[in-house]
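The values are calculated or read from the model by the stated rules, or taken from the named source; none is laboratory data. The structure presented is a predicted model; accordingly, all values stated were derived computationally and were not measured. Cβ atoms come from the backbone with ideal geometry, glycine included; neighbour counts cover every protein chain shown. All accessible areas refer to the heavy atoms of the entire protein, side chains included, with ligands and DNA or RNA removed. Shrake-Rupley method; radii C 1.70, N 1.55, O 1.52, S 1.80 Å.
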Amino acid sequence: MDGSKVRTDTGAPVAAPNSDPSSRSAEYMTRAGRHLAGGVNSNIRLDERPAPFVAVRGRGAEVEDLDGRRYVDYVCGMGAVILGHADPGVTEAVVATMREGVAFAGQHPLEAEVAERISAAVPSAEVVRCTSSGSEAVHAAIRIARAATGRWPVVRFDGHYHGWLDSIHTAARSPEGGLGAAAPARPGSRGQPPAAVHDVLVMPWNDLEAVRSAAGLHRGRIATIILEPILCNTGVIPPAPGFLEAIRDWCSRDGTVLIFDEVITGFRVALGGAQSLLGMTPDLTVFGKAVANGFPMSAVAGRRDLMGTLVSGGVLHGGTYNGNPPVMAAARATLDALAADGGAAYAALTAAGRSLMQGLAGAGAERGVPVLTQGPGPVFQMWITGRPSVSDAATARATGVAAGALFADAMRRRGVRSLPSGRWLLSVAHSADHIARTVEAARGAFDEVREAGLGER
Ligand code: PMP
């Protein structure tokens, strides 16, 4: 879901064809397209192959489509569903809260309980503010950083996604931006004023020299540097050794606010997020997705002094739905389940992810298709490529695209729902049996890729 792949970059959304036009799912998409733009409520959902997925229910690690077919699900609500679909504990908590009313435009005791849990899990999150989507929370974080520093320029990285809003959505870095330099951003969507990204600079991910030279060139000028600490939106690409440390040094030296966008990695790769795995401390963090197991909840959190700009620094953040009780109930139940037994769920989740990574690589080798997997496990990337690793977004975008799309299509026909981009997202409900079924399906899917001549070496 890198900004460059959002359909609005290339023109009006077009409903993707369904492989079986007589299916109820295809009929639904035709009907939906008449009064719902493109038949979807997020452009990103048009990317799924062979067609947008029409769901009727999900239980644990499985989802069922409108045609009554069941799939092992590795989309997991784009990473939001960390405990599994329709987790009974979350559902009960939400239903009980809903019975008491959902919107008071006032305070509710669950709000402080959620903030306390986030702070306990992630030490850098001293003070929290909740909102409804990741895009909004990013927007708030950037506004706080600009207000606190009194500067406008924002540095971001190619291939990272921070939501669709005007202030930060940018196109993929063009090669003429020059290797190594921080290049001015271009809007990522039609209708987005170039002025909105006028103060945004885009840098290549994992290019330590570029960071060093930009730190010298832009000394004392940058308001904030925002990044996914483990890039998950254009391949899954961890930071190179020393890369985040160099950025942290740059920020600390210049009083620049370091924002970690942990919308995918937060409460997914570890209870303390990617920052705990990497041993890094950002100034602000953005959470979303897994924090409420699929309910619309996100948060900006971080240093007490920075968050204080919302209280006495004249920084506006509002929202009718922020902190509404059912969503807070979902977040509290999710965070309690994830934190139980010292975060024991993460050991199993990571082991399941790693076992699937190995299983896919093994199935590829067995079927004569080169496979690369990389990532922490609860989220990882699978490319059909002979490369030993991928460390930047430009390479990620150019690697195994057609093969990955065919593979996702072939997996869907075998009862496994995975993203054509090759990003895999697991939940704690994925069992050894689900993994085994997935690897078995992959054997057949790799055969199709090889027979189509797409198993690149
Ligand atoms: N940041 C990251 C890292 C994301 O992956 C996303 C969404 N995939 C967002 C921000 C935006 O979140 P939302 O879609 O909830 O607005």
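Structure notes:
- Couplings 3J(HN,Hα) for the range 21-32, derived from phi with the Karplus relation 6.51 cos²θ - 1.76 cosθ + 1.60 (θ = phi - 60°), are x, 8, 6, 5, 4, 5, 4, 4, 4, 5, 5, 4 Hz, where x marks Gly and Pro.
- Relative packing of 75-86, 32-43, 389-400, which averages over residues the other C-beta atoms within 10 Å, highest first: 75-86, 389-400, 32-43
- Span from the the range 30-103 Cα centroid across to the the range 409-444 one, whole angstrom: 17 Å
- Potential lengthening of the chain between L66 and A432 amounts to 129.1 nm, from the contour at 0.36 nm per residue minus the alpha-carbon distance.
- Counting only heavy atoms of the protein chains and using a 1.4 Å probe, Y346 has close to 20 Å² of accessible surface.
- Cα gyration tensor shape for the range 216-285, rounded if a/c is under 1.5, else prolate or oblate: prolate
- Shape call, the range 76-134: gyration tensor on alpha carbons, a/c limit 1.5: oblate
- Three semi-axes of the equivalent ellipsoid, the chain, Cα gyration tensor, whole Å, largest first: 33, 27, 22
- Of the peptides 212-221, 294-303, 268-277, 347-356, the order by per-residue mean of other Cβ atoms within 10 Å, starting with the highest, comes out as 294-303, 268-277, 347-356, 212-221.
- Along its first, second and third principal axes, ordered by size, the range 104-323 spans 52, 37, 31 Å in Cα coordinates.
- Applying the Karplus relation 6.51 cos²θ - 1.76 cosθ + 1.60 with θ = phi - 60° to the range 366-371 yields 3J(HN,Hα) values of 4, 9, x, 10, x, 10 Hz, where x marks Gly and Pro.
- Mean separation of Cα contacts under 8 Å (6+ apart) over length of the range 104-323, as relative contact order %: 28 percent
- The largest accessible area among E366, E228, E100, E111 belongs to the first residue in E100, E366, E111, E228, and the rest follow in falling order (1.4 Å probe, all chains).
- Only protein atoms count toward the accessible area here, which uses a 1.4 Å probe; on the chain, the carbon and sulfur part of that area reaches 54 percent.
- Largest first, the residues S167, S133 sort by 1.4 Å accessible area into S133, S167.
- Calculation over all alpha carbon pairs of the range 101-169 in 10 angstrom steps from 0 returns a P(r) of 16, 38, 35, 11, 1 percent.
- Accessible surface for the range 104-323, divided over its residues, is 39 Å² per residue with a 1.4 Å probe.
- Per-residue extension of 0.36 nm, minus the Cα-Cα distance of E116 and F104, leaves a gain of 2.2 nm for this segment.
- Cα-based shape type of the range 321-432, given that a ≥ b ≥ c are square roots of the gyration tensor eigenvalues and the cut on a/c is 1.5: prolate
- Residue-wise HN-Hα couplings along the range 429-445, as the Karplus relation 6.51 cos²θ - 1.76 cosθ + 1.60 with θ = phi - 60° gives them from phi, are 7, 6, 9, 4, 5, 4, 5, 4, 5, 5, 5, 4, 4, 5, 4, x, 5 Hz; Gly and Pro carry x.
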